[in-house]
Amino acid sequence: MAKRTARFVCQSCGAVSAKWSGRCEACAAWNSIVEEAPREAAPGGLGDRARSGHKLEFVGLDGGGTPTPRLATGIGELDRVCGGGLIAGSAILIGGDPGIGKSTILLQMVAALASPKGGAPVTSAYISGEESVEQIGLRARRLGLAAEGVGVATATSVRDIVASLDEAAPPRVVVIDSIQTLYLDTVESAPGTVSQVRGSAQELIRLAKRRGFTLVLVGHVTKEGALAGPKVLEHMVDTVLYFEGERGHQFRILRAVKNRFGPTDEIGVFEMTDGGLMEVANPSALFLAERRGQVSGAAVLAGMEGSRPVLVEIQALVSPSPLGTPRRAVVGWDSARLAMVLAVLEARCGLVLSGRDVYLNVAGGLRIGEPAADLAVAAALVSAASGDPVPEDMVIFGEIGLSGEVRAVSQSNLRLKEAAKLGFARTLMPPARGRREGSAGNGIERIEIAHLKDLVARFADTAAAPTRFGIGPAN
């Protein structure tokens, strides 16, 4: 009999190696390799047994019947992120930093389903592997949640959970908090390892699709902010949600990064209060609530998060650097994108900021990822360098190319409607691409610029520019 040798598995990417090392050769992660027991036998092929399998029954693209109606959770922002509600037989993975509010929002969800404002109550099960039943009850009482249709249990064995849910009438919604605490007794490794997370999720997802209930899995994140466990976990589920937010802010952003039943990059905005997470119906007004007008270095971006227009303030600060290498600090935006905008301003417009410290911040704790923020960031930087404030009633959006041209972005009319609703009178934007983009007036004065030089010229005339900007010859 051959000797069973141990194998070493990376907990970040799932790569297998014959010996332990401090750094994974596949994903370059440090201290992520853990020893796991090998399989009893290598999996063999099907061979001649393939002919004895059951034949598949094929149906049309319509699924063979009427579409399953969505189940509204009673929390509008959560329904928006999920694409309109929960789908029976689907699996949702929600991750975020510790203490961000994952367990709180799910506890509020099952309580809202059990006591809906209109319609029949929905049975739910909340299974925790981290907290006892008494601790969950204390949190529910603190949040003012009382629902009779919610079953709460504490378990870490997947076999026990499957045996409890594999019945004729299972709960319609099942929450597992969290997937890293579960274990399969057929896998010889500790809970939270790649094998255990993959195997536990596979068993639960298979049961959810067979019994037709919605499965919600809570996932831990690594120190880099990615979901812990194998990457295949995100491929197995139907929807992946991330909870974002800064600890210094009361706002929480629930973002969909994958959704098989709805749009991706959709966000839901919540506010953390003593009574739990409260919905924010108008996030633009909330993000701009503490805005101070006529301050240099501040510009309002008319951005899009999924299908929702969001207005947020971009803040920039430019100061002399006492160091040989100036500092570049960014909060809420891509640092590489900031470096590109600074390079375009210097090479194409002559705005020299290479010897100054640059700080950029997206107010409110929101993280912006769309390229339409380029022009607003450039306006904030030019305003901070010149000392001239951006007009208080102006919103800005547009993408910047490497040659300094301002490129058009999508859904301009939705951005302008949101700006008009909040009382803005002017917009600085790229030229309209066609009749449709330029048709809606919305009562806002459109100022279209085709090159970044036009933006710099709006803050200072040519004579004053060299002394106030430090402008050199532009290419």
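Each value in this text was obtained by applying a stated rule to the coordinates, not by laboratory testing. All values derive from a computational prediction rather than experimental measurement. All Cβ positions, even for glycine, are placed from backbone atoms using ideal geometry, and neighbour counts span all protein chains on display.
Summary table
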{"item": "Highest average packing first - 223-229, 425-431, 80-86, Cβ atoms within 10 Å", "result": "80-86, 425-431, 223-229"}
{"item": "Estimated 222 nm signal from helices in the chain, with DSSP H stretches of n ≥ 4 weighted -39500 (n - 2.57), rounded to 500", "result": "-7000 deg cm²/dmol"}
{"item": "Distance from the stretch 167-204 to the stretch 396-415 (C-alpha centre basis), Å", "result": "45 Å"}
{"item": "Stokes-Einstein D for the chain, Kirkwood Rh over Cα pairs, 25 °C, 0.890 mPa s (µm²/s)", "result": "96 µm²/s"}
{"item": "Full-stretch length increase - Val295, Ala155 - with 0.36 nm per residue and alpha-carbon distance subtracted", "result": "44.9 nm"}
{"item": "Segment Leu422-Val34, length gained on full extension (0.36 nm per residue, minus Cα span)", "result": "134.3 nm"}
{"item": "Values of log10 I(q)/I(0), in the order q = 0.17, 0.26 Å⁻¹, for the stretch 377-428 under a Debye, Cα-only, solvent-free model", "result": "-0.63, -1.08"}
{"item": "Whole-Hz ³J(HN,Hα) from phi, Karplus 6.51 cos²θ - 1.76 cosθ + 1.60, for the stretch 362-371, glycine and proline x", "result": "9, 5, x, x, 7, 9, 9, x, 7, x"}
{"item": "Built amide H within the under 5 Å cut-off of Arg252, gap 5+", "result": "Phe270, Glu271, Met272"}
{"item": "Alpha carbon centroid spacing (whole Å) that separates the stretch 125-147 from the stretch 208-274", "result": "20 Å"}
{"item": "Residues whose placed amide H lies under 5 Å from that of Val300, excluding near-sequence neighbours", "result": "Ile314, Ile396"}
{"item": "Dipole magnitude of the stretch 285-469, debye to nearest 20 (Cβ charges: Lys/Arg +1, Asp/Glu -1, about Cα centre)", "result": "200 debye"}
{"item": "Over the stretch 285-469, volume per residue of the alpha carbon convex hull, in Å³", "result": "110 Å³"}
{"item": "Globularity index of the stretch 145-222, i.e. its alpha-carbon radius of gyration over 2.2 N^0.38 Å", "result": "1.10"}
{"item": "Translational diffusion coefficient (Stokes-Einstein; Kirkwood radius from C-alpha pairs) of the stretch 76-281 at 4 °C, 1.567 mPa s, in µm²/s", "result": "76 µm²/s"}
{"item": "Cα convex hull of the stretch 177-264 - mean projected area over all directions, nm²", "result": "6.9 nm²"}
{"item": "Normalised per residue, the volume of the convex hull around the Cα set of the stretch 303-389 (Å³)", "result": "94 Å³"}
{"item": "Label point at Ala285 placed 7 Å out along Cα→Cβ; residues across the stretch 356-374 whose backbone nitrogen lies under 19 Å", "result": "364"}
{"item": "Calculated from backbone phi, Karplus (6.51, -1.76, 1.60) coupling profile of the stretch 444-453 in Hz, x at Gly/Pro", "result": "10, 6, 8, 10, 9, 10, 9, 9, 5, 4"}
